[in-house]
Structure formats: C-alpha cells, structure tokens
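Just below is one structure, and these are the notes that go with it.
The values are calculated or read from the model by the stated rules, or taken from the named source; none is laboratory data. The structure displayed is predicted, hence computed values, not measured ones. Every residue, glycine as well, gets a Cβ built from its backbone with ideal geometry; the counts of neighbours run over all protein chains shown.
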Protein chains: 2
Amino acid sequence: MMAEHNILNVDVQNADRIMTIVWEDGHRRSFHSIWLRDNCRCSYCRHPNGQKLASINELPADIRVISVVCENDGLHLQFSPDNHSAQFDSAWLRNFSESNTLPQKTLWDVEWFSMAEISRDYAHIRTGGAALAEWLELVVRYGVAVLHDVPAEKEMVCNIVEWFGYVRETNYGRLFEVKSIADPNNLAYTNMPLSVHTDNPYRDPPPGLQLFHCLQNTIGGGDSIVVDGFMAAKILAEENGRHYDKLARHAVPFRFCDSVADLRSRLPVLDIAPDGVMRAVNFNSRAIQAFDIPFDEQPEYYAAYRHFFEILQRPKLNLRFKMEVGDLSIVDNRRILHGRVGFESGGGRHLQGCYADSDALLSTWRMLRSVGKQ
Amino acid sequence: MMAEHNILNVDVQNADRIMTIVWEDGHRRSFHSIWLRDNCRCSYCRHPNGQKLASINELPADIRVISVVCENDGLHLQFSPDNHSAQFDSAWLRNFSESNTLPQKTLWDVEWFSMAEISRDYAHIRTGGAALAEWLELVVRYGVAVLHDVPAEKEMVCNIVEWFGYVRETNYGRLFEVKSIADPNNLAYTNMPLSVHTDNPYRDPPPGLQLFHCLQNTIGGGDSIVVDGFMAAKILAEENGRHYDKLARHAVPFRFCDSVADLRSRLPVLDIAPDGVMRAVNFNSRAIQAFDIPFDEQPEYYAAYRHFFEILQRPKLNLRFKMEVGDLSIVDNRRILHGRVGFESGGGRHLQGCYADSDALLSTWRMLRSVGKQ
C-alpha cells in the first residue's frame, strides 16, 4: 500500500457538513457531505454497470456525516437523516477526478512539429491493438495524423474510420470525392487554393473528424496545409486579449446552400467553455455570412477577425505536406484547420474524404490502452 | 416596388468609413465600409454557388466608400484604395440578417401544449412535400413530434430518419432495441423508471435527435414523458438567476462505460452561447459523474442542480403519453428531455430507437418550404 493511499486522519466539521481527509503523505482534501452522499458507490446508489441510480431529489438537502470509520484503505460513513451507509475507497476519494479529465492536448507549431511525428504505416497500424492506439493518440494529442501506403482503393477511407468509429453521413454522401469538376457546388471541387478552414461549420453539430485518402496525385501543387487552431487562438490571446474576447463573444452565421441542401448555423469563431477551456475553432472564410453583430462592435470585431486570419497564415503555424497516392490524413475538425494550395487544372488529383466523430475515436483509444495495461 | 425597398437617401460619413441609408418608410440603417466591401456580391468576390472568394486579408483595412450611385432598387458603390466596385440590392441591405437567423423555438408546458398539437399520421406524412415539412416544423418549433400508425416493422425508425437526414451510428448500433433484458449494460434496457434526461451527454457531440418506434406494448406502465428543457431553464432563471448562472458556468463530467466503450465528456448542464442564446440542456442523473467543481462553489451548485431537477419534475412541464404499437416519437435531444415511468417486468414492451442530427432535418425543412413557396 502506497503512503499516498493511507489515511492519516479524518475530521468532520461545520455541523457534520464537511469532512476533511489528511493522507499519510500530508495531502489534504475536503468534501461536502452532500457530495459524499451523492457519490456513494453501493449497489442501491449505483447499478453494477456504473450508472447512478439515485437522483438528487432522493438525497436530503440537510445531509450530514454522523459516523466515520477508517478501515484499511477505505472509509465507512454513516449519514443522517437518511441513515444511509457508504463505503469509499481512499484512492478513489483522492483521485476521482482523474477519470473525469479529458486527455491533454499538445499545441504545436512547425518549429518543433513535423510530419514524421504524426505519420505511421498502414501495414503496422492495421494490426490494431497498441499500434492502432498509438496512432489514434496522435489525433487525441495533436489533432492530426497521417497513414502512408493505404491501398489506393475506393472507399478505403470509410474502412479506416471503421477501425475506431462510425462514418458520419451527410448530404455530401457517406464519402465525397475531391477533384476538379465542372459546375461545382463547392469550391473544394475546383482547382482553386483553399485557405485553411474548419470543414462544415454550417452543420449542427460540425463534423468532429475529417479524413482524406489520396487515390491519385500526378499534378503540380495541391499541397495540403494544416494549422493548429488552438495554438493560433492561444497566440491571439497573447497578442491581443480583446481580440480573443471579441471572437469568443459573438456568434457569426455560416451557411451552405445548393440545389439539395440549405445548411445554416450560428457559432462563435472561438468556442470557449465558461470555465475558459477551448472547445472549438470555427473558421471558414467561404461559408461565413454577413456579420450581424452590433454596429458599434463591428470595427473591433473586424480587426480581431483579420488578426486571427493573419496568425493562421504564419509559416510557423503552417504544416505543409503533399498527399501522395496511398496517403490518408485525419484531422480533429474542431481544432485543426486544413487547406491546400492551388493546383493545375485538368485532373490528376483525386482524394476521397469522409467525416466521423471524436467520441468513438477517444473511446476506442481508451479501450485499447486499458487492454494494454492489463 | 414596396416603399420599404425604396431608398430615400444615402449619406457617407466619418471620413467615408460609414454609410447610412434611409428608406422611404423612414427605416434607417448604418453600415461600416469594411462590412460593405466584405459583403460585395460580385462574381470576383463570390462564387456562383454563393461561397465567398475573398478572404479578409484581401480587403484593405483602411477601406472607404468614395462613390455612391442610387439606381432603382439598388446601390452602386466604389471603394478606395482598392478601386473595387460593388452593387447591392436595397432589400438585401435591409433584410440580410433574416437568412442568418435560426428558426424561432416556441417554449411549451402542458397547460397549453398537448399531444394532439404534435401528432400526425404516417400515411399523411409519407406523401412528403408540405405534409412532411409541417411535421418537421413541429420538431423545429417544439422540439418534439409523434407519428401514429407507422408500420410496426423492424428498422422503420431508420427509414423515417432517411426521409429528412442520416442515421447517426454509435456503439449502440445503427439502431438499438429498448426492452427489458438480462444483464443490461444500460438502465434503459431494464424495466426501471427513467427520470427525464438528455440521451448520451457523454458523447462528443451528443446526438441531436433521438427517435423511438414502438413495435410492441402490451404491459402496464411504461408511459413516456417529455419535458421542454429550455422552458425548464427559463423557469430556473426566473426563479433564481444565480442558480441558472451556476449550471451555465461549470462543466460537469459525464461517462458511459461497458465492455466495448468508454465515453467521457465535460459539459455544462446549461449550455448558453456567449450572447445568452440557449444552445443545449445536458441533464442525465445516471451518466453524470462526481462533480469536480471548486469546493467552495459546490453547496450552491448542488442547490442549483436540485432546483433544476425539481423544476423538471413539475407536472406542468411533464407531457405524458403512452407509445402504442406503430407510434414513433422524435425529440430534439439538445433541448427536450425524455424519460419513462417504470413498467411491469417480463417483456411485452419493445421499442427500436436511433439517433440523427439536426442540421439535415433543418435543411430538409427549409428546402421543402422553399419549394412550397415557388
């Protein structure tokens, strides 16, 4: 038993409403009685599958801890007025929040980050298990990963998604073809350059993951570009906090419209959770519509928007690579912006793309890792 | 030509940086030069498909309007220093924000709202067109709708989704069965009552739409309950603004874990956009995990959470109905909470459910309406 799991002392204070634990290594943590009662892990309070059975209304608001017994690496508590008994594991009380935290993202720029960092071979990853987990972790951590030498066969991009999750079908199909075509409904299907952007911010919800698989690339140009939008936002905050606030405070309209769909949304360019955690970047110069933010705020909003665009173009943030036949890229579309330089007209470049969501990728990554730990 | 489209006067002020239009009916609106230049609709600035071609860096920051010519129901503008010419439709300048606004939601309680309001017949809706648009509009406006007499055949629930969008496949499958089963991985598959909840808040993103189709129901109990979570949040704000703020300010952890998946998220119970617009309610007593919000804030957070739960239980907010064989329900899972009362054990109740997303539903609704207007 590690000292950090051994409880040195338990003290119940404040008319039994607060309990403070001191561990042998000096660590101290206080708990409200209502929190302890709410998190009781007995079979009455929690189904064997881990779901909570008691709703908040079943817990007396005036709950108190009236008895504490320390036992080995746990605690027995008795509550009043409901007379409920609960047992807690000391390590869980100390570390419960670990299983709540989402994995850490490592923000990057090209001064230290490179394609080698995030590229793996299809033949290796397809074995699954730890190799697949390690590739998925690149997406979790950096928001982008590449596979080389994926067979240049149609629909392989969907097959890869099925390794870890589910294809998100949209009006573009289960998969979509990216090549220069006549009368395109979307600039992605021309040979024009595409500045870095979030895909489909006009959807609710926007796609969590975007994948491309290269089936043909014999033309000049067409290099792919990816940018860490969270790094760009961090730089914006450092350079001008007011600009960062502007892009976080106002929702702006996005839209895509063709003969079969009319998709509209309102999202802030920087989607920041109330606790300051960055949730998403929504940036798409083509799909954005006329700002309808208050007249007096527009000049500074435009300055902020221009500033953010300028940061996104900085070579330091632009990771460039050419998609060779068989290459497959995956990006976290809520964080990473992607684009391409223009290419020669007349075909010779053919990608297949599809969308998926992050929850299944993260779940698969966790499951593969926990198997690896057993 | 309506007077509201006729321009009476145009005035360029503030060193040519602001232009003010006065319409014949007295309506007045001011525009920044940068906004006008940014929203030029010529073929150089905008692809025929409606996507914007010019990025913000291509527009001079010191842009000014140096010439205005009023012509019929439009304006010709000339900008400096880029010498760009732009033509604007007067009606567009007046009403551009209309196409940006998302449809209005009508919050409801059972004092005026009833099942009859939102129930339609399958035979009618399956004709598509205006009938389908009208049914979809129920989901847009009220967040919930029902179809009666859907053939009690397996997978019909997915077929209905395909009328307007795409099934969201998850680890529960493309569709999932809801009946009492042995060793369930989820309480939904027991015969226990389920208090009203958001489905799958542990996903990123949570499902936008949730559908059930009743294939069998011969047992007592098992009534369905739906609650307008946005109405509940509005009541919370009215009764205690601090409680509303608490639930909006702190993200809380959600989790689902079984032998094949480990899904985790952090979301606020009330997801409010920075401009105060309600985006979503995330409430699930079973999937919520131990709060890790700051110790000092926990007592008031618990009070707020308890208060919100209590509002959700009020009979005034609980729309109850029994799913008969052939009934299909659809809810906006970002707004409406759903649940059920307990039912007798031993089978006899069988629903099939699936998930989908709101963007396609809204798009289909818009497309069907615009056809109807032609």
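Applying the selection to the range A:126-139, what residues are part of a helix (DSSP H, G or I) and free of Cβ contacts under 8 Å to residues at least 24 places away in the same chain? Selection gives A:A131, A:E134, A:W135, A:L138.
Of the residues making up the range A:32-50, those that are facing chain B (nearest Cβ under 9 Å), surrounded by 19 or more Cβ atoms within 10 Å (Cβ to Cβ) and not charged (D, E, K, R) number 4. When the residues of the range A:73-99 are filtered to those that are of a type in the set (S, T, N, Q) and in a helix (DSSP H, G or I), the one that is nearest to the chain's Cα centre (by Cα) is A:S99. Looking only at residues that are charged (D, E, K, R) and at pLDDT below 95 in the range A:325-345, which one is nearest to A:I118 (Cα to Cα)? Of everything passing the filter in the range A:325-345, A:R340 is nearest to A:I118 (Cα to Cα). If the condition is being surrounded by fewer than 15 Cβ atoms within 10 Å (Cβ to Cβ) and either touching a residue at least 60 places away in the same chain (Cβ under 8 Å) or not in a strand (DSSP E or B) (or both), then the range A:59-72 contributes A:A61, A:D62, A:N72. From the list B:L53, B:L8, the lone residue that is surrounded by 14 or more Cβ atoms within 10 Å (Cβ to Cβ), closer than 29 Å to B:R369 by Cα and without any contact (Cβ under 8 Å) to a residue 24 or more places away in the chain is B:L53. In the range A:103-115, the residue that is modelled with the highest pLDDT out of those that are within 14 Å of another protein chain (Cβ to nearest Cβ) and loosely packed, with under 15 Cβ neighbours inside 10 Å is A:Q104.
In the range A:332-342 there is at least one residue that is more than 24 Å from the chain's Cα centre (by Cα), assigned to a loop (DSSP other than H, G, I, E, B) and over 28 Å from A:A131 (Cα atoms).
Take the residues of the range A:41-58 that are part of a loop (DSSP other than H, G, I, E, B) and of a type in the set (S, T, N, Q): which is nearest to the chain's Cα centre (by Cα)? Here the answer is A:Q51.
The residue list A:V139, A:V161 contains one member that is under 17 Å from the mean Cα position of the chain (by Cα) and within 25 Å of A:V277 (Cβ to Cβ), which is A:V139. Within the range B:228-247, does at least one residue satisfy the condition of being surrounded by fewer than 21 Cβ atoms within 10 Å (Cβ to Cβ) and within 7 Å of chain A (Cβ to nearest Cβ)? No, the conditions are met nowhere in the range B:228-247. So, A:I293, is that one under 30 Å from A:F164 (Cα atoms), in contact (Cβ under 8 Å) with a residue 40 or more places away in the chain and of a type outside the set (F, W, Y) or not? Judged against the criteria, A:I293 is not a match.
Just a yes or no: is a residue in the range B:335-350 without any contact (Cβ under 8 Å) to a residue 12 or more places away in the chain and within 13 Å of chain A (Cβ to nearest Cβ)? No, every residue in the range B:335-350 fails to be without any contact (Cβ under 8 Å) to a residue 12 or more places away in the chain and within 13 Å of chain A (Cβ to nearest Cβ).
Within the range A:33-40, does at least one residue satisfy the condition of being in contact with a Pro (Cβ under 9 Å, 6 or more places away or on another chain), at pLDDT 95 or above and under 13 Å from A:D82 (Cβ atoms)? Yes, the range A:33-40 has at least one match. The residues of the range A:256-272 that are in contact with a strand residue (DSSP E or B) (Cβ under 6 Å, 6 or more places away or on another chain) and within 7 Å of chain B (Cβ to nearest Cβ), listed by number, are A:L263, A:R264, A:R266, A:P268. Filtered by the rule that a residue be farther than 19 Å from A:S195 by Cβ, in a helix (DSSP H, G or I) and at the interface with another protein chain (Cβ under 9 Å from one of its Cβ atoms), the range A:273-302 gives A:F295, A:Q298, A:P299.
Is one or more of the residues making up the range A:140-152 within 14 Å of chain B (Cβ to nearest Cβ), of a type outside the set (F, W, Y), closer than 30 Å to A:Y355 by Cβ and assigned to a helix (DSSP H, G or I)? Yes. Quick check: is even one residue across the range B:116-123 surrounded by fewer than 16 Cβ atoms within 10 Å (Cβ to Cβ), part of a loop (DSSP other than H, G, I, E, B), more than 14 Å from chain A (Cβ to nearest Cβ) and in contact with a strand residue (DSSP E or B) (Cβ under 9 Å, 6 or more places away or on another chain)? No, there is no match, as no residue in the range B:116-123 is surrounded by fewer than 16 Cβ atoms within 10 Å (Cβ to Cβ), part of a loop (DSSP other than H, G, I, E, B), more than 14 Å from chain A (Cβ to nearest Cβ) and in contact with a strand residue (DSSP E or B) (Cβ under 9 Å, 6 or more places away or on another chain). Of the residues A:G342, A:G326, A:G353, the single one that is over 30 Å from B:N171 (Cβ atoms) and either surrounded by fewer than 20 Cβ atoms within 10 Å (Cβ to Cβ) or of a type in the set (G, A, S) (or both) is A:G342. A count restricted to the range B:198-220 and to residues that are facing chain A (nearest Cβ under 10 Å) and either farther than 23 Å from B:V150 by Cβ or without any contact (Cβ under 8 Å) to a residue 40 or more places away in the chain (or both) stands at 6. Does A:T106 fit the bill of being within 21 Å of the chain's Cα centre (by Cα) and more than 30 Å from A:S43 (Cα to Cα)? For A:T106, the condition - within 21 Å of the chain's Cα centre (by Cα) and more than 30 Å from A:S43 (Cα to Cα) - is met. Just one residue in the set A:A304, A:A261 is over 30 Å from A:L362 (Cα atoms), buried (at least 23 other Cβ atoms within 10 Å of the Cβ) and over 17 Å from the mean Cα position of the chain (by Cα); that residue is A:A304.
Restricting the range B:7-36 to residues that are part of a loop (DSSP other than H, G, I, E, B) and touching a Ser or Thr at 6+ places or on another chain (Cβ under 7 Å) leaves a set whose member that is nearest to A:Q298 (Cα to Cα) is B:R17.
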